[in-house]
Amino acid sequence: MNRQRFANWTLGYLMLAASHTALADKITVTPMTDEQAPVIARHIYGQFSEHLGRGIYDGVWVGEDSNIANTRGIRNDVVAALKAIQVPVIRWPGGCFADEYHWRDGIGPRQQRPVRKNNWWGGTPEDNAFGTHEFFDFVEQIGADAYVSVNVASSTPTQMREWIEYMTSTGQDTLANERRSNGREQPFGVPFIGIGNESWGCGGNMTPEYYSNLYRRWAAFFHKNGSNFHQQNDNKALRVASGANNLDTNWTKVVMEQAGHGMDAISLHFYTLWTGDWPKRNEAAATEFNQDHWFEILYQASRMEEVLQAHEKVMDKIDPDKRIGLYVDEWGTWYNTEPGTNPGHLYQQNTLRDALVAAISLNIFHQHADRVRMANIAQTVNVLQAMLLTEGAAMAKTPSYYVFKMHLPFHDAKLLPLRYTSPQLTAPSGKFAAISLSAALPKEGGVVISLANSELTQQHELSVNLGDLQLTNVSGEILTADSLDAHNLPGKPETVSPSHFTGATLDNGNLTVNLPAKSVVVLRVR
Ligand code: AHR
């Protein structure tokens, strides 16, 4: 994006954050057509699947002998649901689990694989039935890209190099032949590799200086195609450095300065927590919450804007050409676990409030598409802000799932910056915009607009001048419900799912939207 235009757009967004007034009757939205606007990478709609609780086992893998319908051990219902939202990328095997994972545990005949203790997540036995080949079968069934996180904290560069060779080598070397003897002739496609996870915490408790040195060492044995003198290597993956948590910009600064030359992206983790305070996450229930909890969680989700701005400021100084991507490879809500479930398994319900969190977060990612080129919601099935919840053979699609589905037209669409001023809401920890918006120009033509209203009862009228675009038709979907904690349960009729939206009209290029309280709406204007 042209820098002056970008500055104008940024100003528009800052106005949104800083200039809310009392509730206005009508909100005027001005699109700012910009040839240089970035494309919203579809990878922003990515997922994170860790060996944690019932995320992989039960949620994805049931085994070939299961009564639950499966293809080579992988649940058919889960694959079909994830295909329908065109999941672009899945990050695996962790998380904290990744820095204790040894890839050789998960290859070869399943009955001979070792059983390990999952020390991070409930001490649950990990029988390694789901390993490298099963993971790639899963992503290939869905049609997603693979994002593999390698162990830095409790492993060696040799183990990383050998795993990469096993996955990607086209030659007649021993590792490639071992892969072949395990049933896979062609190399696996690995477009993204993460080097460590939360290296400041569960991934080794390192300082940024120490991690930077380790990163440089690991990167030297990564043998990426075209790097150094390895012109013809089979490994074509982008290298993702383990990034900061929340507002820890010093981590980003040090790692970028000391190791930035050898990375393609750096990650960032930001979870939506009650009062933003890690230990207090257990004070927030996923359901049966009060209005304060509604506002607080949505306020905390909207802080993603401030967090991205802080890291981008640091990155822009070191990498003004934006060569290095910022991957928000863990985000989402984190509440107290569901009563009666293993607290180490992070199983939580997912309500209309989570749908709003998803829409607010995605709208923020869209606005930052020039730097944020991947995001992975935590986690795909049965863990934290999941897309899907399973119970035996039954599966529920969560409100968050439906938000991802409604936003499909945003995949790889060009951002259409918007200028508007939103009314402000008050949460226990701060104020935030009642209305979250973003728009884009899909390749197929027209405009797609995402709108979320965090009000409890107040509908808002928006007026969007699309006059220059010569559009004649508007259609859309809405996700809302009567109760704030409306949710779907496996095996029960759905309470929350999108329906046809009738609150938008287009008159001579002027779009008027009556946006109901506590709703997410996506409009296609053609
Ligand atoms: O998503 C659950 C955990 O949260 C991940 O394992 C870790 O990276 C983060 O702290």
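Here are some notes:
- Here Trp278 clears all of (1) within 14 Å of the ligand (Cβ to nearest atom); (2) modelled with pLDDT of 95 or more; (3) surrounded by fewer than 17 Cβ atoms within 10 Å (Cβ to Cβ) except the condition numbered (2).
- Extreme residue, farthest from the ligand (Cβ to nearest atom), among residues of the range 127-147 that are surrounded by 22 or more Cβ atoms within 10 Å (Cβ to Cβ) and of a type in the set (Phe, Trp, Tyr): Phe138
- Where helices (runs of 4 or more DSSP H) fall wholly inside the range 194-308, the ranges with 2 or more residues that are β-branched (Val, Ile, Thr) and farther than 16 Å from Val357 by Cα are 249-259.
- Count of the range 353-387 residues, restricted to those that are in contact with a Lys or Arg (Cβ under 7 Å, 6 or more places away or on another chain) and either surrounded by fewer than 24 Cβ atoms within 10 Å (Cβ to Cβ) or among the acidic types (Asp, Glu) (or both), is 2.
- Scanning the range 306-333 for residues being surrounded by 23 or more Cβ atoms within 10 Å (Cβ to Cβ) and within 20 Å of Ala452 (Cβ to Cβ) gives a total of 4.
- Filter result (among the hydrophobic types (A, V, I, L, M, F, W, C) and over 19 Å from Pro498 (Cα atoms)) within the range 440-477: Ala440, Leu441, Val447, Leu462, Val464, Leu466, Leu469, Leu471
- Residue in the range 456-484 that is modelled with the highest pLDDT, counting only those that are buried (at least 19 other Cβ atoms within 10 Å of the Cβ) and in a loop (DSSP other than H, G, I, E, B): Thr480
- Summed over the range 241-261, residues that are closer than 14 Å to Trp218 by Cβ, away from the ligand (no atom under 13 Å from the Cβ) and surrounded by 20 or more Cβ atoms within 10 Å (Cβ to Cβ) total 3.
Condition check ((1) more than 16 Å from the ligand (Cβ to nearest atom); (2) assigned to a loop (DSSP other than H, G, I, E, B)) across all residues:
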position	(1), (2)
Asp65	yes, yes
Ala80	yes, no
Arg91	no, no
Asp105	yes, no
Pro125	yes, no
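- Sole residue being of a type outside the set (Asp, Glu) and part of a strand (DSSP E or B), chosen from Ser438, Ser400: Ser438
- Residue in the range 203-218 that is modelled with pLDDT of 95 or more, under 25 Å from His133 (Cα atoms) and in contact with a helix residue (DSSP H, G or I) (Cβ under 9 Å, 6 or more places away or on another chain) present: yes
- Yes/no for Gly95 being touching a helix residue (DSSP H, G or I) at 6+ places or on another chain (Cβ under 7 Å) and either buried (at least 16 other Cβ atoms within 10 Å of the Cβ) or modelled with pLDDT under 95 (or both): no
The values are calculated or read from the model by the stated rules, or taken from the named source; none is laboratory data. Predicted model, so just to flag it, every value in this text is computed and none were measured. All Cβ positions, glycine included, derive from the backbone under ideal geometry; neighbour counts span all protein chains shown.
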